[in-house]
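Colleague: Shown below is the structure under consideration.
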Amino acid sequence: MDITFTDALARLGLILATATLYLVSTGTAVVALGLRHAVDTHWQRGLSYFQIGWRWIRHALAHAEYLLPFFWLEPGPDPYPAIASKSQAARPIAMIFEQSLEIT
């Protein structure tokens, strides 16, 4: 392998990791600041923080709003976990070796 190819690949990985961190951080901040309704009109849609962050950036650029200039990650468990559907929320969390694990 050529050194320049390896360096370029490492830089690309750094850019992707930083972009992912910024999008998740923006999604977390949007939810914490109560601005989720601007990008996720259906509360039970089940969007990830990454998707909320991406939609906020698109929304902010389209409506001349601000982009968040800081990182915001909440410690502890997720207060608003993503749920794809109501039927999925009713099912057990994980099925491992034919045994269901439930959080009680």
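The values are calculated or read from the model by the stated rules, or taken from the named source; none is laboratory data. Only a predicted model underlies this, so the values are computations on that prediction, with no experimental measurement involved. When we count neighbours, we look across all protein chains shown, and the Cβ atoms used for this are built from the backbone with ideal geometry, even at glycine.
Colleague: Looking only at segment 3-52, which residues are of a type in the set (Asp, Glu) and either closer than 15 Å to Pro69 by Cα or surrounded by 11 or more Cβ atoms within 10 Å (Cβ to Cβ) (or both)? Steps first, please.
Modeller: As a first pass, look at segment 3-52 and keep what is of a type in the set (Asp, Glu): 7, 40.
Answer for segment 3-52, where residues must be of a type in the set (Asp, Glu) and either closer than 15 Å to Pro69 by Cα or surrounded by 11 or more Cβ atoms within 10 Å (Cβ to Cβ) (or both): just Asp40.
Colleague: At pLDDT 85 or above, surrounded by 10 or more Cβ atoms within 10 Å (Cβ to Cβ) and over 18 Å from the mean Cα position of the chain (by Cα): is that true of Arg55 in this structure?
Modeller: The answer is no for Arg55.
Colleague: Consider only pairs whose beta carbons are under 8 Å apart and that are at least six residues apart or on different chains; among these, list those whose first residue lies in segment 52-72 and is in contact (Cβ under 8 Å) with a residue 24 or more places away in the chain and whose second residue is basic (Lys, Arg).
Modeller: Ile52/Arg36
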